[in-house]
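The values are calculated or read from the model by the stated rules, or taken from the named source; none is laboratory data. Please read these numbers as outputs of a predicted model, since none were measured by experiment. Using ideal geometry, Cβ is built from the backbone for each residue, glycine included, and neighbour counts are taken over all protein chains shown.
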Amino acid sequence: MGTELGKYKLCVSARSADKEILKKAQDGGIVTTLFKYALEEGIIDGAIVSGPSDEPWRPRPFVATTVEELMTSRGTRYNLSPNVSFIKEATRSYGLDKIGIVGTPCQMQAVRKGQLYPVGLRDVPDKIALAIGIFCMENFPYQSIKQLVEDHAAMKLEAVKKMEIGKGKFWVYGERGQVVQLPLKVTHKYEQPGCHVCLDYVANLADVSTGSVGSPDGWSTVFVRTKNGDDIWSKAIAAGCFETKPIEQVKPGLELVSKLANEKITKNQKTVEERAKFGVNKALRNPYISPK
Amino acid sequence: MSKIVEISPTTRHEGHSKLVLKVDDAGIIERGDWLSITPVRGVEKLAINKTMDQVPKIASRVCGICPIAHTLAGIESMEGSIRCEIPQDAKLLRIVLQCANRLHSHALHNILILPDFYIPGTDKKINPFTPEEPVRSVAKRIQRLREIGQTIGEIAGGEAIHPSNPRVGGMYKACTPRAVTKMYDLAKEGLVLAHEQMDFMIAVLRNMQKRDWTEVGGKQIPLPKTLGYHNQGYMAADPMYGSSNLDEHPGWDPRRWTDTRPWDWYMGEGEVSLADPGYPIGGTSPVGTKVNPQMEACTGVPLYDGAPVEVGPRARLVKFKNYDEKGTWGQHIARQLEYTDCLYTIINALDEYNPTGKVLADPIPQGDGSMGWAANEAPRGCDVHLAKVKDGRVLYYEMLVPTTWNFPTCSRALTGAPWQVAEMVVRGYDPCVSCATHMIVIDEDKRIVAQKLIQ
């Protein structure tokens, strides 16, 4: 298709140079490292990230204004984290002027839409200083993750060390060393149905988007998309925050990213088309086409 | 033989109002009626049976200039009814919010009144939108003051317009130390600007006070030294914030309040017999236009101790700071004197505020239907809300907003002035007309006597 990866200025495979971040990072620790750099350099005053909550593996969006707070958000929690819900509050009772936000492609769309039409977001658009997007095939409600881990993987949620989606499987690693892999066929029915109309895999609207796909284990693929993103990324590279490799020299490389992006788009396009015919004379709205 | 002039609509203030003036042969006002022609909103009726959390938010929607005052007065009248004391840190945030609103509103009013005045030492009127100095830097200062007020309001209250953070029982969110620092810095910056702006405005006003004439519609109109004088009383609940029935010494007394109907107060039917097509903007109403203030007025006439009273900056200064300057100029100057007070109060409140403190009362009672009231000192005067809440639902709600109090008082203050400067007197009250249109008229026995109009 050719447009599946969106517009980008630069694509590399990268990994954080900070060992502390890598200890608990999902892959290359890109988001945490970039936010840490931006926070320390004053590019952002704080970042909206998702951290641990009272329930195991349920993400809780919060505003991190220090590196210590940021560190608690390392790693991926595979279920919904309404980060955008904090975007206004960050400029209000948190008093931020320059906000960093991380989110899935749909959340990046929401942020950009909010910047373009700031309905209910007075004085917010000019305060988004760095938007980092993460690759996303689909997401799960918390109940789904609970069921997948506790019923399918037969593990207590509290006892899980890490979750991961890779090599066509959903991996659950236990504290005691046990590893369970579930075929993605099993997880499909637990996905959030809203995800099935999304035609964006690699966060096309973010300043910088990143994900594990395309890079070797422990590394992440990074797309630098906007002028702002490029500016911050090149400064972070100059400051030695990341190790990078040209994307062409790593396996499996961009081809796999393209393949998965195309898969997502083709699959979801079908849902979009089905929904257009859903019901009697009452098609569900296609979010990618403005109503006539 | 008196003649009738009608200026409709009046300009450079919020809302829709008009002036019907009975003038003598020399054009001096014998009797003036200033009345609201903004349609009645019916918020009081909408409030019935809504939850106590919803009603203040709905009430704030009557106006976009002082929604903060309406939100706070609404919420505190609910708290007055359910007898809920809020934590100190929540109160401090509300005070910050209140002052931020007043700062921005007074600055906005400066823009609205400046075209009436002259650059001192010249016969050149001020156009706040001109790129020429010295006016441009004044306009920039005014906008910066408004920005500071709105940004502080946004942080403390969630939104500068229709604040989301205040709630029955306190506030939804506490401000972080960073947010407090930001507000503090803004207030410090604003303080310097406020001093400059206050000095500038007072210089302009004193210059105006010394003038013998002003130019209106191409004519030189004499300015009486007693412009805007009246013999009515003053009403203010607090120098800065407000009062409610929960206070040990309440600043307002519901027993002293009665209402009268507009048809018992305003002039009856008449016909315009004097017109001036050269009057800005677009001339006065043509000769032959029918007027009937009694029936056109969209407000009740609230009385305090049986007479109309003035509310607003001058009333606050008269009541609490021994201010004694009368008339339109005295009113304007009182308003400028409040500029710095707003910022000092913000700074003091932030000094006292503890970011880790509690901002929500626990538990929040649901109310037994007893009466509660809150009088909030909005930028343009005392804004009283009354409510009865039972089991979390509103049984009764009433708003007595500043300009409603000022309508009859200002009408009296028009007497003796040339009709061409009547609008200048009106602007001295910083009118906010849209929220002033309420139509529940209550007699001495607190019976609703004009309910028909709103049903």
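For the stretch A:104-130, give me the residue count where each residue is away from chain B (no Cβ under 12 Å), under 21 Å from residue A:232 (Cα atoms) and either outside any strand (DSSP E or B) or without any contact (Cβ under 8 Å) to a residue 60 or more places away in the chain (or both). Residues meeting the conditions: 11. Between B:65, B:58, B:29, the distinction of being on the phi < 0 side of the Ramachandran plot, in a loop (DSSP other than H, G, I, E, B) and touching a helix residue (DSSP H, G or I) at 6+ places or on another chain (Cβ under 8 Å) belongs to B:65 only. Taking each residue of the stretch A:216-238 that is among the acidic types (Asp, Glu) and looking for partners that are part of a helix (DSSP H, G or I) with beta-carbon atoms closer than 8 Å, six or more apart or interchain, yields nothing.
Here residue A:221 does not qualify as of a type outside the set (A, V, I, L, M, F, W, C), in contact with a Leu (Cβ under 9 Å, 6 or more places away or on another chain) and outside the structural domain of residue A:244 (by TED's automatic domain parsing).
Return yes when residue B:259 is out of contact with any Ser or Thr (no Cβ under 6 Å at 6 or more places or on another chain) and either crowded, with 21+ Cβ neighbours inside 10 Å or not in a loop (DSSP other than H, G, I, E, B) (or both) and no when it is not. Yes; evaluated as a whole, the condition is true for this residue.
The listed residues are B:56, B:67, and the only one of them that is within 14 Å of chain A (Cβ to nearest Cβ) and farther than 30 Å from residue B:420 by Cα turns out to be B:67. Set side by side, the residues B:103, B:97, B:114 differ, and just one is hydrophobic (A, V, I, L, M, F, W, C), in contact with a Phe, Trp or Tyr (Cβ under 9 Å, 6 or more places away or on another chain) and either buried (at least 16 other Cβ atoms within 10 Å of the Cβ) or closer than 20 Å to residue B:385 by Cβ (or both), which is B:103. Of the residues screened, residue A:137 is one that is more than 14 Å from chain B (Cβ to nearest Cβ), modelled with pLDDT under 95 and under 29 Å from residue A:258 (Cα atoms).
Of all residues in the stretch B:293-312, none satisfies the criterion of being of a type in the set (Val, Ile, Thr), in contact with a His (Cβ under 9 Å, 6 or more places away or on another chain) and assigned to a strand (DSSP E or B).
Note on the stretch B:255-270: among residues that are among the charged types (D, E, K, R) and within 14 Å of residue B:293 (Cα to Cα), the one that is farthest from the chain's Cα centre (by Cα) is B:269. When residue A:15 is tested against the conditions (1) at pLDDT below 95; (2) part of a strand (DSSP E or B); (3) farther than 19 Å from residue A:87 by Cα, the lone failure is (1). Condition test on residue A:44, is it in a helix (DSSP H, G or I), of a type in the set (Val, Ile, Thr) and surrounded by 21 or more Cβ atoms within 10 Å (Cβ to Cβ)? Spelling it out, it is not the case that residue A:44 is in a helix (DSSP H, G or I), of a type in the set (Val, Ile, Thr) and surrounded by 21 or more Cβ atoms within 10 Å (Cβ to Cβ).
Considering the conditions (1) at positive phi; (2) out of contact with any Gly (no Cβ under 7 Å at 6 or more places or on another chain), residue B:230 is excluded by exactly one of them, (1).
Would you confirm whether any residue within the stretch B:232-239 is at pLDDT 95 or above, surrounded by 17 or more Cβ atoms within 10 Å (Cβ to Cβ) and within 12 Å of chain A (Cβ to nearest Cβ)? Checked the stretch B:232-239: no residue is at pLDDT 95 or above, surrounded by 17 or more Cβ atoms within 10 Å (Cβ to Cβ) and within 12 Å of chain A (Cβ to nearest Cβ).
Can we say residue B:421 is touching a residue at least 24 places away in the same chain (Cβ under 8 Å) and either under 17 Å from residue B:67 (Cα atoms) or surrounded by 24 or more Cβ atoms within 10 Å (Cβ to Cβ) (or both)? Here the answer is no, as residue B:421 does not meet what is asked. Report yes if residue B:183 is closer than 12 Å to residue B:350 by Cβ, within 14 Å of chain A (Cβ to nearest Cβ), touching a residue at least 40 places away in the same chain (Cβ under 8 Å) and within 26 Å of the chain's Cα centre (by Cα), otherwise no. Yes. For the stretch A:154-175, the set of residues classified as over 24 Å from the mean Cα position of the chain (by Cα) and surrounded by 16 or more Cβ atoms within 10 Å (Cβ to Cβ) consists of A:155 only. Inside the stretch B:390-414, residues that are under 11 Å from residue B:32 (Cβ atoms) and in contact with an Asp or Glu (Cβ under 7 Å, 6 or more places away or on another chain) make up a count of 1.
Select from the stretch A:89-103 the residues that are hydrophobic (A, V, I, L, M, F, W, C), in contact with an Asp or Glu (Cβ under 8 Å, 6 or more places away or on another chain) and within 12 Å of chain B (Cβ to nearest Cβ) and list them in ascending order. Correct list: A:96 only. Consider the stretch A:57-88 and keep the residues that are part of a helix (DSSP H, G or I) and more than 17 Å from the chain's Cα centre (by Cα). The one that is nearest to the other protein chains (Cβ to nearest Cβ) is A:88.
For every residue, the table says whether it meets (1) away from chain A (no Cβ under 14 Å); (2) under 24 Å from the mean Cα position of the chain (by Cα); (3) modelled with pLDDT under 95.
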| position | (1), (2), (3) |
| --- | --- |
| B:82 | yes, no, no |
| B:86 | yes, no, no |
| B:109 | yes, yes, no |
| B:122 | yes, no, yes |
| B:132 | yes, no, yes |
| B:139 | yes, yes, no |
| B:150 | no, yes, no |
| B:175 | no, no, no |
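One residue stands out among those in the stretch B:152-164 that are more than 7 Å from chain A (Cβ to nearest Cβ) and either in a helix (DSSP H, G or I) or of a type outside the set (A, V, I, L, M) (or both): the one that is farthest from residue B:107 (Cα to Cα), which is B:164.
Of everything listed in (1) within 14 Å of chain B (Cβ to nearest Cβ); (2) part of a loop (DSSP other than H, G, I, E, B); (3) of a type in the set (Gly, Ala, Ser), the single unmet condition for residue A:154 is (1). Candidates B:204, B:168, B:192: the one that is out of contact with any helix residue (DSSP H, G or I) (no Cβ under 6 Å at 6 or more places or on another chain), among the aliphatic types (A, V, I, L, M), crowded, with 21+ Cβ neighbours inside 10 Å and away from chain A (no Cβ under 14 Å) is B:204. The set of residues in the stretch B:113-141 that are under 14 Å from residue B:204 (Cβ atoms), outside any loop (DSSP other than H, G, I, E, B) and basic (Lys, Arg) comprises B:125, B:141.
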